[in-house]
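The values are calculated or read from the model by the stated rules, or taken from the named source; none is laboratory data. Since we're looking at a predicted model, the values are computed, not measured. Neighbour counts run over all protein chains shown; Cβ positions are idealised from the backbone, glycine included.
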Amino acid sequence: MGLLILGVYTPLAAYLFRAAQHTGDGAAYTLQATGGPALDRAVHAGWLVPLSGWTRALHGALEPSAATNLASALAMGGALLLLAVLGRDLARDAGGRGADGLIAPAVALCSVGIWDAALFCEVYGPLSLLTLAGVLALRRGRPVAAGCLLFLAAATHPGALALFPAALVLGARARGDAGLALGVALGLVAAWVGVLGAEPWLGPRGLLAPGADVHPWGALQRAWRLLSRDLGISSLPLLVGALLAWTRRTPPEARWLLGCGLALLGTALGLDRFSDNPATLPLLLLCCPLAALAPSALRHLPPRAARAGAALLAIIVVLGIAEATSQHDAVARAAVRAQQDHARACAQPDPAAWRDRMLRELACLNR
């Protein structure tokens, strides 16, 4: 199953891969990982510190944007593999087949936001990976490992604290595992804050930072747009799976629905606070395993209708991936053109906008 996922994801990612950034954040993270202090943006140190080591280790072999984008691609590949495992577990727990879990990462690949997080430098892909890994560790009865992974998620983005309730509901099976995992995570977070100080958590993009331009109602609207506009018709397997879980409400299905509800609440209240960040991506990935329930609905239909329904779902997913990759390719090509324009303007005064200054500085690095 993992080989099949990588067999689809890897060639598409290789074709779409560009050594360029299209956001100021991505350019700033790449500049930090290349030569700046590894703790300069300590609010995201859980990802930027290892990214700095990775990028500097590859110095000379890959240019900076290529190294940081490759790390993002690897992180998203890991997240897709975890999605398949979680989807398989949910399908089996609900009486379905393990192979049904493949539709969970397939639906995720229909999102343009997923491809952007996979192929440009950002923190939300790694944040999703760590959160999913924490859920899976809990489901495998490893609460200490789960607590460490959830701490790393919080060290990558303090807003991940708002996802802890969802992760615990989705993952914990044995009594006491949730409490132990939460205790380990919060203990490590307290030690982390003690070492770094509170400023990284309360600064410009910290947990309680002022100036946020997305409020809870706006965050809910952004989550809806992710479903209705980004995924569009490709959200059908996810919606069918969620509807089936709602109507049957077996314990594993009810647990996943509750976890997704808590993830939505946590995203709206604690994670999605700035409009230039794709903070709804962890929510999407946490909910994608529900799509693995959709094939079960088809099996209750007459054989001919079931085959037609399966073919329709396959067509929807294939077309969704094609549309998402086409849109990402346009964004990536535009980013390369913008990088070339910035490189030709190195001798000119710096732009006024912070985003353009970061992109200019990255384009002119080592020139």
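Quick notes on this one:
- Restricting 335, 292, 324 to residues that are in contact with an Asp or Glu (Cβ under 6 Å, 6 or more places away or on another chain) and surrounded by 16 or more Cβ atoms within 10 Å (Cβ to Cβ) narrows the list to 292.
- Selected residue (only one of 155, 91 is over 25 Å from residue 10 (Cβ atoms) and surrounded by 24 or more Cβ atoms within 10 Å (Cβ to Cβ)): 155
- Restricting 306, 353 to those that are surrounded by fewer than 12 Cβ atoms within 10 Å (Cβ to Cβ) and in contact with a helix residue (DSSP H, G or I) (Cβ under 9 Å, 6 or more places away or on another chain) reduces the list to 353.
- Taken together, 296, 275 contain a single residue that is part of a helix (DSSP H, G or I) and among the hydroxyl-bearing types (Ser, Thr, Tyr), which is 296.
- Of the residues making up segment 159-176, those that are out of contact with any Pro (no Cβ under 8 Å at 6 or more places or on another chain) and not small (Gly, Ala, Ser) are 161, 164, 165, 168, 169, 170, 173, 175.
- Residue list for segment 257-272, filter: farther than 20 Å from residue 109 by Cβ and either among the hydrophobic types (A, V, I, L, M, F, W, C) or assigned to a loop (DSSP other than H, G, I, E, B) (or both): 257, 258, 262, 264, 265, 268, 269, 271, 272
- Selected residue [closer than 20 Å to residue 363 by Cα and among the aliphatic types (A, V, I, L, M)] from 51, 109, 81, 74: 51
- Of all residues in segment 38-90, those satisfying the criterion of being over 26 Å from residue 189 (Cβ atoms), in a loop (DSSP other than H, G, I, E, B) and not small (Gly, Ala, Ser) are 58, 63.
- For residue 174, the conditions (1) at pLDDT below 95; (2) in contact with a helix residue (DSSP H, G or I) (Cβ under 9 Å, 6 or more places away or on another chain); (3) part of a helix (DSSP H, G or I); (4) surrounded by fewer than 24 Cβ atoms within 10 Å (Cβ to Cβ) all hold with the exception of (3).
- Total residues in segment 3-18 satisfying the condition of being part of a helix (DSSP H, G or I) and at pLDDT 95 or above: the figure is 8.
- Evaluated against (1) part of a helix (DSSP H, G or I); (2) aliphatic (A, V, I, L, M); (3) over 30 Å from residue 232 (Cα atoms); (4) touching a residue at least 40 places away in the same chain (Cβ under 8 Å), residue 343 falls short on exactly one condition, (4).
- For segment 91-122, filtering for residues that are of a type in the set (A, V, I, L, M, F, W, C), in a helix (DSSP H, G or I) and either in contact with a strand residue (DSSP E or B) (Cβ under 9 Å, 6 or more places away or on another chain) or modelled with pLDDT of 90 or more (or both) leaves 13.
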